[in-house]
Structures are given as structure tokens and as C-alpha cells.
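Scroll down for the structure; my scribbles are underneath it.
What follows is calculated from the coordinates using simple rules that are stated; it is not laboratory data. Note that the structure is a prediction, hence the values are computed from the model and not measured. Note: ideal-geometry Cβ built from the backbone for every residue, glycine included; neighbour counts use all protein chains shown.
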Amino acid sequence: MNIDLTYWYLFPVGLVIATLAMSAGISGANFWIPVYLICVKLDPLVTFWLALITMIFGFGSGVVRNIHQGTVNWYLVRQYLIPTVPGAVIGALLTSYINGKVLVFIFGSFIFIYGSYMLNSCISSPKEPVRHNKVFWGIGFVAGFLKGLIATGLGKLIVPGMWNHEKVRHPSEVIGSAIVIIFIVNVVAALTRMNHDFVGVLMDNTDTLSSVLVFVLPSVVIGGQIGPRVIKDMNAAHLKLYISVLLIFVSLLIFSRLLL
């Protein structure tokens, strides 16, 4: 195995991405996919899988930090795993039958639409939050399906329904719970993608993948410890605004990649 030191820049990039993802409770794939596509120039299918693997380590670190600081609502975690896990399995199985560029387009379109919607909700007059005790099972299934298909969409879809749940005591619990759910579903989605043909593709890219992971994995583990500290005292409205701007920016990067 030969380590290519030209990928050293992924370490500081990984610190920033992991911190942003952990503090926002959204999938790090939103940021890793454009990095792997545009900077590392990996095949789209390999990119989505590598993004999942990267998030397993980053979110795993975030899980430990959130459990330690008591910002995980285990009731919500259990309830949302029921629909998201089977959704992720179905989505991951379908990736073998869809062209990689189509998956990239779906990814870019999804995060642009969602980022624009969230930005609009931040700018418009806020509605009085209504406390509820609902678990949005249908949304959870779709969220899991998107995670399996395009390695993102899970946190974006389930977090809004969790914000005002009557069992949530502080916004940091929503983020902490989402991180645990995303971590578990990431593992399921990554393992489901590992069919015989795809394993062969990974073997052909062993040197590149090894070189990338040497710098990425320690950075996301460290960032996974920093992010939960950032969110602990952050204003919820400001958090939603910064998430929306980031998502729109990432979607523009993705569309620029498709035009190359």
C-alpha cells in the first residue's frame, strides 16, 4: 500500500467538515461528496460509499461526545430507527441499478431545494412553535431511503419534526439524537452497498482510498469531538440559517461538477 502525501489537505478540510456536520446535526456527506468528486476525482459510486465510511468515523466520535454530555434523547432515537433503517437498505440496494451521474444530480437537486426551503423559512416571519408528540414515520422512511441512495437527506428530513417534540428539553438534544441515528443508518447503508461487483471496484482503487482515509479519518474523529461543543449553547434560529446557506453553496459546487 502506497500513501500519496498530496492528499494532506484533507486533514484540515476534514476538521472543518466534521465540526460543521456535528454542530448542525446533518450528514457530513453534504460536504465530503463535492470534495471527493471535485478534488480527489473519484467515481460517483465510490464517492458516495466513501462519504458513508467517512461519516461513520466522524459521527461515531460525535456519538461518544453527545452521550458524554447528555444530549441524546434515546426515545426519539429508537422511534426514528424503525422507519429509517429499512428505508436505507432499499435505497442502498437501488444504487447498483442507477447511473452515477444521475445519483450526483439527485444529490445536488435535493440539497439545493432543501437549503432554499430552509433559508426561506429563516427569512420569513417565524411561526409560533407548537409542541407535539408525533413521530413522523413516513418522513423517516423517505429520509432513510435517501441516505441509502445518495448518502444524505436523513438529518435534513427528520430534524425538523424533532425540534418541537414534547420530550425534547433543549435544541442540543435534537442534534445529538440526529447524530446517533445518522451514525447507525450510515453503517447499514455502507454495508448494504457491498455487493460483489462493487467490492471489485473498491479493490481497483485501494491505493487512492487508503491515501485519502489516512488523512480523513483522524480529522473527522477530532472534529466529531469539537462539533457537539459548538452546538451546546448555540441559538436554534442562527443554526438553521447557517445550515441553509451551507447547503445551497454545496449544491452549486455539485452542479458545477456536472457541467465539467
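Under 14 Å from a point 7 Å along the Cα-to-Cβ line of N2: which residues of region 190-210 have their amide N that close?
205-210
Using a ≥ b ≥ c from the Cα gyration tensor of region 1-53 (square roots of the eigenvalues), is it rounded, prolate or oblate, where a/c under 1.5 gives rounded and otherwise the larger of a/b and b/c decides, a/b for prolate?
Oblate.
Taking R0 as 41 Å, what FRET efficiency do you get between N164 and D207 from their Cβ-Cβ distance, rounded to the nearest 0.05?
Efficiency computed from Cβ-Cβ geometry: 0.25.
Mind listing the phi-derived Karplus ³J(HN,Hα) values for region 146-154, rounded to whole Hz, using 6.51, -1.76 and 1.60 with θ = phi - 60°, and x for any glycine or proline?
Listing the rounded values in order: 5, 4, x, 7, 10, 6, 7, x, 5 Hz.
Consider a paramagnetic label point 7 Å from the Cα of Y97 along Cα→Cβ; state which residues of region 186-202 have an amide N under 20 Å from it.
Within reach of a label on Y97: 189-199.
Given 4 °C and 1.567 mPa s, how large is the Stokes-Einstein diffusion coefficient of the chain in µm²/s, with Rh as the Kirkwood radius over Cα pairs?
Answer from the Stokes-Einstein relation: 71 µm²/s.
Over the chain, calculate the relative contact order: mean separation of alpha carbon pairs under 8 Å at least 6 apart, over the residue count, as a percent.
With pairs under 8 Å counted, the relative contact order is 42 percent.
Mind giving me the FRET efficiency for H68 and L259? R0 is 45 Å, r the Cβ-Cβ distance, nearest 0.05 is fine.
It comes to 0.55.
For a quick protection proxy, order the peptides 173-185, 85-97, 191-203 by their average other-Cβ count within 10 Å, most packed first.
173-185, 85-97, 191-203
How far, in nm, would the chain grow between M194 and I90 when pulled straight, counting 0.36 nm per residue and subtracting the alpha carbon separation?
36.1 nm
Using helices alone, I'd like the mean residue ellipticity at 222 nm for the chain: each DSSP H run of four-plus residues gives -39500 (n - 2.57), total over residue count, nearest 500.
Using -39500 (n - 2.57) per qualifying helix, the result is -25500 deg cm²/dmol.
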